[in-house]
Every structure is written in C-alpha cells, then in structure tokens.
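Taking it in order: structure first as structure tokens, then the write-up.
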Amino acid sequence: MSPAASTCPRCRRSTHSPFGVGGLCLRCAGVRALAIDLEDSVEPSLDVPVPEVSAAPAGLPARIGPYEVIDELGRGGMARVFCARQPRLDRLVALKVLAGGPANEALEQRFLREIQTVARLRHPHIVAIHDSGRADGYVYFAMDYIEGGDLAHRLREQPPAPREIAALLEKTARALAYAHAEGVIHRDLKPSNILLDGEEPRLADFGLAAQIEAGGDLTMVSAIIGTPHYLAPEAVRGGSAALSPASDQYALGVILYEALAGRTPFAGASAAELPALLSHAEPPALRLLAPATPRDLETICLQCLEREPTRRYRGMAEFADDLARFLAGVEIVARPPGLGERFRRFARRHRTALAATSAATLTLTAGIVTSTTLAVRATRAEKRAAREAAAATAVVNFLQDDLLAQAGPEQQSDPDIRLRTVLDRASRSIGQRFVGQPDVEAPIREVLGVTYTSVGQYPVAREHLERALVLARQLYGPDDFRTLRIDNELASILVYTRKLPEAEAAKHRLFQLHRDRFGPDHRATLNTASDLAAVYNYQGKLKEAETLLRETIAREERVFGPNDPSTVNSRSILGVILTRRGRLQEAAAFVEETLRRARASLGDTHETTIVTLTSLAGIYGRLDQYHLAIPLLDEACQSGRKALGPEHPATLNAMNSLGVVYFRERRLDEAAALLGQVLETRRRTLEPDHPQTLNTSVTVAGLARERGQLDEAIQLATKVREVRLRLLGPTNADTARITDFLGHCLADRGKLQEALLRHVEALAARREKLGPEHFETLESVRTVAACRLQLGEAAAAEALLREALPHADQAQPGTWQTALARCQLGAALVRLGRAPEGRILVQENAALVRKNQEKIPALGRARILREVGAYAAEAESAR
Amino acid sequence: MSGSAATPTSGPQEGTAFASTQWSLVLETRSDSANRRTALEGLCRAYWLPIYGYLRRRGHAPPDAEDLTQGFFLYLLEGDFLDRPDPAKGRFRGYLIGALKHFLAGESRHASAQKRGGGAQFIDWASLDAEREFLAQDQSQQDPSAAYETSWALTVMSNALRRLEAEQAAAGRARQFGVLKGYLSTTPTRGEYDDAALALGTTRATVAVWIFRLNRRYAELVRLEVAASLQDPAEVKNEMRHLLQALRG
C-alpha cells in the first residue's frame, strides 16, 4: 500500500488530501480557510513564499496598487474597470481606474476627494467602495464586485414585468433617499449603473462620472460618456450645477419609463436636439407604447418626469413609498395631471411652438392629450371608469375638434395664430352643446378658465370658472378636491384683479375649508395659507400677513424640511413683507439666510434660488444699496438664462428688476436695452394684455418719459390704461397708477387740460379704493393741485388742499410731502390775493421741503424742487 | 480498497462523515437518551482518523489499531465515562484524546473483552482504507500527541471539504467543483485562469468569482465544523487559531 499523497508545490509537503487530484492541498486550503475567517491576511501566512505570477492576460497591467488584475470588465471614455483580487484579504473587487492620458493633478485630486465622500455610504443597495488611491501610475478605487450584470443588460435580454421593475426601483429609490440624506447626489443614474446581484439592485458609480468633468455642458459630456437621455431638463439647461436630488429622481423616472416602454422618452433624439425637446415636448404616452403598463405606475413615472423639479416627488423616499403603495395595491399619492394642468402644458407649448411649428407637432400633441386624459379619468375610481371615460372622450373630442384642430392643416396659412384666438373660438362654440352633460362641461369650463387666467384674460376666465364651479358643486359636492380646485382658481382671479376684500374673504374661507378637510399640514392647506398671506400683504395688512406666514413656514419646515422649495418660497414672501413693514435690515438678513439655504439644497441655478436672488436684490434696492443689488441680479439673469431659458418668467423677473435698478441709478441706456428686451419677450410669450407684460410696459413708458421720448411714453401708457380699465376696472389701484402717469406725460407735453382730467380720475379712484389717508391718494391730491395751479385754477386747488391737509397731517405729519401740499396751498393763496398769509406758508414749507430733499425719491427730486422753487419765486414777486 | 476514499460521496459513510451533530448537544442530553447516542456516534464516525493515527504512532499495528479504535468508541458509547466531570469536556478534540488515554490505561486489564467489542462493528473498516489515509497524513518525526493534533485539524478540513463537494454537486456544479477545487489551496496563475475559463466555457472574471465564492463557502463550512466540536460557540476563534497552528506545525 503506497502513500497516494503527492507533494504540494506550495507547502512542499504531502497534499494530505483524500481528494488527491486537482492539485488540492488540504493543509494549504485549511490554512487559507481559517485565515479568511480569522481575518488574517492570507498570503503571508503560507509557509513558502510564492513566486510573483501575473494573473492578468497580456495587455493588462499585472498589478495596480495592492490588487492583482484578473480581467478587464469594461471601458468607457473616462475610466476602465477591472476585475481584480486583493490577495491580502483574498477579496475580489471591481477596480475602477481613471483612464490614462497625461495625469491631470487637479482632476485626480477632485476624483479622489469625491470618492472619499461616496465611500461613506453604506447601504445594502449601494455598491460599497472599499479603497481608493494612486499607484503604479493609476488613480483607482475598489468596490464590491457584483457578478450578475446590470439593468441595461437585463432590459435588453429579458425585460422585467412592470411589478418587477417597480420592486427593483423601489429599492433603488430607498438607497438614493439614504444617499441624498447623506448629502450625496448620484448625478449619473442610468440602467448600466444599477447592477444586479441576483434580483437585488446595487447602485454604482455615485457622483463620479459627472464630477470628473469640470462643469459646463453636461449634454456633451454625457454624449461622450454614454447618453444624455437620463439628464433632467434643468441639468441639460443648467449644467452640472443644476444637478440635485430632483434630477436623480428624473433619471430614475426615465429608467422606469424605459423599462416599461422599451425606450427612453426621447429616444432617437441627438444630444443637440434634446434640450429643445425637453423644454417643449411631452414624452409619448407610456400606455400607447406599452399598453400593459398599470395606470398607477404610469402616473408615478410621469410624476418623476415632471419638467419642473418642484412638481416631482418631494424626495426619493416619497417616490419609493408610492412604488410600495402600487406594489401593495393601495391608492398611490401621485395624482395624474388634471385636465387643467395638461392644458396649461399645452398652452405653454402653444405659446412658443404654435407660432412656428407645423401641424404635425399639434397632431402629436392632440394624441398625447387624448391618451393621457383617458388614462387620467379612469384611474380615479375604477368603478366609474366607463362613465368617466365616456365623459373624458367628449372632453377630448371638444378640445380636439374645437381647439386644437383649428391649428390643423387648413390653418397652416396662419402661423401667427395665438392661443387667445384659439381659446375664443373654442369658447364661442361651447354654447348650449353640453346641456345635460355636466361631467363633460365642468372640466371643459375649468380648462378654459384656467387657460384664460394663464394669459391674463380674467373676466372671461371668471365666466368659465363660475359655471364650472356651479356644475362641480352639483356633481362632486362643495368640498370635493375638484370643486375646491375651481373655487381656489376663482379666488386667485380676485387676487390678480386686486379685488382685495373679496379675495381675502374667499382665500380665508378656502384656507379654513382645506384645513378642516385635509388637516393643517397638507400641502394644499399650506398653499392656501401662503395665498391668504399674500392677500393680506396686498391689503397692507402686513402684521396679519407676517403672523400667518411665520406659522406656515414653521409647518413647512417641519413637514417638508427647511430646504424644501415651498418653504424657501414662503420665506422669500416673508422677506418681502418684512421689507414692506420697513424692517429692511431684518428682511435682508432673513432673505440672505433663505438664499444660503436655497443655494445649498437646491443649487445655484434652481428656479427658487433665482427667485430668491431677485427678491434679496429688491430689498437691497429698497435700502438704496444698488451696489449689492446689481451683482445679485446679474447672477440671477445669467443663471436664469442658462438654467431656465431666456423666456422663463423667473429670468424675465430678474431682468426686469435689473432694468428697474439701472433706471433708478439713471443708467438709462442700459435700462432701456434690458427692459425693451423683457417687454418684447413678454409680449411674445405671454399675451400683450398679461399683467406682467403691462407692468413692464409701464416701466418702459416711465423710462421713455425720463429720456424725453414723450410720444412713446404716452402711447404706451394709453394702451396699458385701456387694458387695465377693461380687465381691472376704473377704480383699481394699478389702473389709477397708470392713469396718473399718463397725466404726467400729458402735462410734460403741455396738454394740461387733458392731464388734469387724468389726474382727477386717478384721485377719485384712489379716494374710493384706498381711502383719503393713503399715501397714493395724498400724492394724487398734490398732483391735481399742482396741475390746477398751472392752469390758473387757484380756488379749486385751495379747496382740494384744505380738504386733504387734515388727512395728510394724520398720515404723513412733518414730512416733505405734507410740506409740499402746504407750499401749494400757500401758492394758491398768493394767486387768490392773500399774499402775506400765502407767502409765509410758501416760504416756511419750501424750506422744509428743501431740508428734507434727501428723502425725496431721486427720480422725482429735481422736478419737485423745481416746483417748490417756482412757488417761492412767485410768492416773492407778489410782495 | 483503493479508490473508495477518493469518491467519498459514494461511500457507505455518506451522511455520517460530517459533523452534522453538535458536541454541545451530546453534553446537554440525558445519558439514557437515544438522541445522545446517535449524536455521539455521528461525531465518532467523523473523527476516527485522529484516534487511529494516534494508536498507529503509539506503535500498534494496523489491525490492532482498528480493533482499539472500535473498542474505544464502544467504551465511550456504552459506559458512563461521559457523565464523569472533566475540565476538557468543553472541546471534543481535547475530551476525545483524554478519554482515549484513560481507555488505554485500563485496556491492559480488559484487553480481550474490549478488543472483541461485544461483536458490534461500529466503524465499518471494510469500506475505509484506513491505513492509506493515515499514511497520507503521517509525519514520522511527530510524537503521537502532535500527530493527533495535526490529524485532527486535517480531518476538520477534510470533513468541511466533503460537505462543500456535496453541496456543489447538489447545486449541479460538480463539474465546476472538479475544475476549480485546486484553487481552494492556491491562487490561479494567468494560464490557469485561461484554462479554467476555457474548460468551463466562461470568462476569466466569472472564473474568479466562482473561485472566490468557493473559498468563502469553504471557510464558512470549516467554521461550522469547528463550532460543532465545541460546547461554547464563543470559543470558535480560539479553536480555529489552535487548528491553524496545528496545520502550520
């Protein structure tokens, strides 16, 4: 019986193996197994040193740092990935190595720093990073080696069923929620970065790909690395600075869409075409591409794909929760976009696209509206699906036949067709068509009302909404969320048209209704609270506004977190209110903090950040610190143009504010250039009658007057006044303001009689609307008085001033304004032959005005001093 | 006789070769319980080789060593020895060698009776090539006690290995195991990765993963095997260190 044992080449002893084949040495295997478990290092414990043998195939590095390279797993533009072994721990890793080329020290440092951050993450669905470093001319990091391939491969080979992908992405979203809470954004989500360990997703490549690139055009970087199709719209516009948790969510939405539909939303578009598609087009309806997609899953997907980050889920956890709800078969939280929202989107596209694009786009749009609306209607309550679907079909038919079809082939000859025109035609054709079909008529009226509101056509908007409200109350009851939505839209019109007491009553009622119905912490409740605070603000009830807003902010900070866009927005509004309460320093500090939060949590180019920049600049402006305001507005304009587009309302607001600051600084040419641009854009993208268009028109008119271009000023002001008279009514404060301004222009032109008419009209409106003590009413009194004095109507001036002065003494005692009024009274008396009394009044009060001239707004100062000088001279000469 | 040991999955000892029962279970169960006897039998069958090796090193000829091993196990199973207090009871390894020495001390007096073992064949020597396995491990320079320790450690490794092979076969990976088991003791070189990948029709990276998993699983099974021989699971690391020492020795 001869010993069967052979000699182990490693320990040079008998292999001790009853399995005496296959080169197994039981002793060495045992040592190794025990060492693995004792977490000893493996190699040094072996008795005999092993000659260095490269495991790597030819063409690959044999070793990188402490790793033996086994194989190359993949290669991209920025990095190579190896399968490698760490002998000391007998561990298998995926080794990612920054692709060669001349070493860029700064780049490498950044790469390694970023890895440090990401390496902190420990989560069962995140691929752990164990180690990183620089060795043998490579910069590398080592992570878990996951064998099962990735989601991209899986989607190609064996697409998962909707429930499977929902379960997979729920886990992925939870991992991302954890990472976001740790302050780490993925930045480069795509199917190939979701590895599969069996059925378990493991997220890889956090933050790295994007970080390698030094900011700038992400679309092009993505085109190099792989694909830009997972980039959120804000990232496409704003570059890597716009990447945020919300852009991660968008990418996950694209992945969900792709898994369900077999293609990304804008598959086929090139990197150059993508930005335009992302800002104007909607993805093809999922259920057209993949009819088996459950409706709720489509709704969840669309919520992630919202163009505006603030309209997506508030965080990954919410997204994950909704997927869990879907999987559990309970009602999801995401709401399919209402018909109104769908149409708003259509309107948005319409404005920019309708004028220029072909009928094909619109046909496609119509198709999208059809399919999604049908889906939407049926989701609400499966039981009533059939009935509601029938109603939805009727709605859609109406929209198609009466609205969208007008832009069809036969209308191609009218490329300038306006949304307004389309709406008017549709409006007219409703007539009595839907009598007896309230469930069809209500949503159509709502859509039309909301759309008219969005283009500033309040009277006709109100007609539609009021009718919709009556129908909704009958159909759904008075406090159903659909009824409340219409109710709230009507209340908002009261705010827009500055029917403030009514608006306050309505918003107050809605706030209470929402609070009782949905609880004090519900987003809808908090939104109505903010609305109500805004109404208080317009009403001058600043204390109430502040109290309510502070309570709302406290709730928002608790419920949504301190850095939620809603919270940040509410804080911005509070900043405005503090400003108006004259607590400018406090307001500045508060909004500075708000801005810091917005920058930190949302990024420098987020819309909310840009809005906050603009409002902080407004406060600095009020503090006359233009040197602080201008850089903020410059930044807001630049970021806005880049991240949101030059036609975005937030960009235009920033440009408008900057124009106003230039105006105040008397940099008139710069102001004119900028404001002209804003006006042109608003006219084109909004409607000529939109309140914001009008506001800019007013500023531009003021600028024209200042530059001596009186005809242009008069022409603009006359137009604005006509619109405001029509839309807001004659006693509205904004109407009064433009009427007053028109009067000034006419006076400058020498048309004093016409000017007087306008000023008297403004005064009457202000007395009625604002009361006799309001500073604008008192200003009107002075204006009318000056005008009458110029026209030689001294007696009328005296009567007016004697009536107004007690109010002035009450509201503005001892100010230059009241002094000016007394000066005017003195001048009237001098004209009326009561020289000594009048002269003394003029002299004393002219001195007071001159003494306080610093407090006169710079813009009107020279004019007022001239006026006072004239009275003084006249009084002197009457001696 | 040769060959049977090389294919353990087909041998009559199949299923009892693994220390699937726990030493702690033996100690906790009442002496008259049938469970205790079954558990102890399982352990004895798994660790016959260190006993046999010790006896051979003490100079007993193979047939005598077989008889004594057999007699010792019967003495353990049928006597009250297990119920006596013993500080070495915590570890089956220590307990067994102590009991063996005690048994041998009394053996001269009861030689004939114990040798026949009442006729019961506890270990089926016919199915084992005991001498071949002994020789495969034997190091002539070792004294009987050191040989016992080395043999014990190698037996632990071998038991775990059989269990690993059975698992792999049950999972339909017998062929993979056949190609890759050698890499439980050594890391493949460049050419070996390629050969294995070619033989198994897969990539080098996949080969690397399979080897990695095989190593991990083997380490786990070794730990389970060690734990099964202890009364207190907290002692596992110490016992493993002891075994590591024994293997290196």
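List of remarks:
- Modelled spin labels at A:ARG622 and A:LEU791, positioned 7 Å past Cα toward Cβ, are 3.6 nm from each other.
- Projecting the Cα atoms of A:THR696, A:ALA717, A:LEU728 onto the charge dipole of the stretch A:686-769, computed from C-beta unit charges around the Cα centre, puts A:LEU728 farthest toward the positive end.
- Per-residue Cβ neighbour rank within 10 angstrom, fewest leading, A:LEU526, B:LEU104, A:LEU274, A:LEU633: B:LEU104, A:LEU274, A:LEU526, A:LEU633
- Averaged over the residues of B:215-224, the number of partner chain Cβ atoms lying within 10 Å of the residue Cβ comes to 5.
- Within the stretch A:617-699, the trypsin sites (Lys or Arg not before Pro) that combine a DSSP coil assignment with at most 13 other C-beta atoms in a 10 angstrom radius are A:ARG666.
- What the phi angles of the stretch A:566-571 give under the Karplus curve with 6.51, -1.76 and 1.60, with θ = phi - 60°, is a coupling list of 4, 4, 4, 4, 4, 5 Hz, glycine and proline written as x.
- The order of A:THR497, A:THR651, going from fewest to most other C-beta atoms within 10 Å of their C-beta, is A:THR497, A:THR651.
- Look at the stretch B:232-239: the mean tally of other chain Cβ atoms within 10 Å of its residues' Cβ atoms is 1.
- Residues with amide H under 5 Å from that of A:VAL93, placed H, sequence gap 5 or more: A:ALA84, A:ARG85, A:GLN86
- Dipole magnitude of the stretch A:233-327 about its Cα centre (Cβ charges: Lys, Arg +1; Asp, Glu -1), debye to nearest 20: 100
- Computed 3J(HN,Hα) for the stretch A:844-860, one whole-Hz value per residue from the Karplus formula 6.51 cos²θ - 1.76 cosθ + 1.60 where θ = phi - 60°, is 4, 7, 4, 4, 4, 4, 4, 5, 9, 4, 4, 7, 6, x, 3, 4, x, glycine and proline marked x.
- Take each residue in B:203-212, count the other chain C-beta atoms within 10 Å of its C-beta, and the mean is 6.
- Counting beta carbons within 10 Å around each of A:LYS719, A:LYS769, A:LYS543 and listing the fewest first gives the order A:LYS543, A:LYS719, A:LYS769.
Read-outs: derived from the displayed coordinates by stated rules, not from any lab. Here the structure is a predicted model, which is why all the values come from computation and not from measurement. Cβ coordinates were reconstructed from backbone atoms using ideal geometry, including for glycine residues, and neighbour counts include every protein chain displayed.
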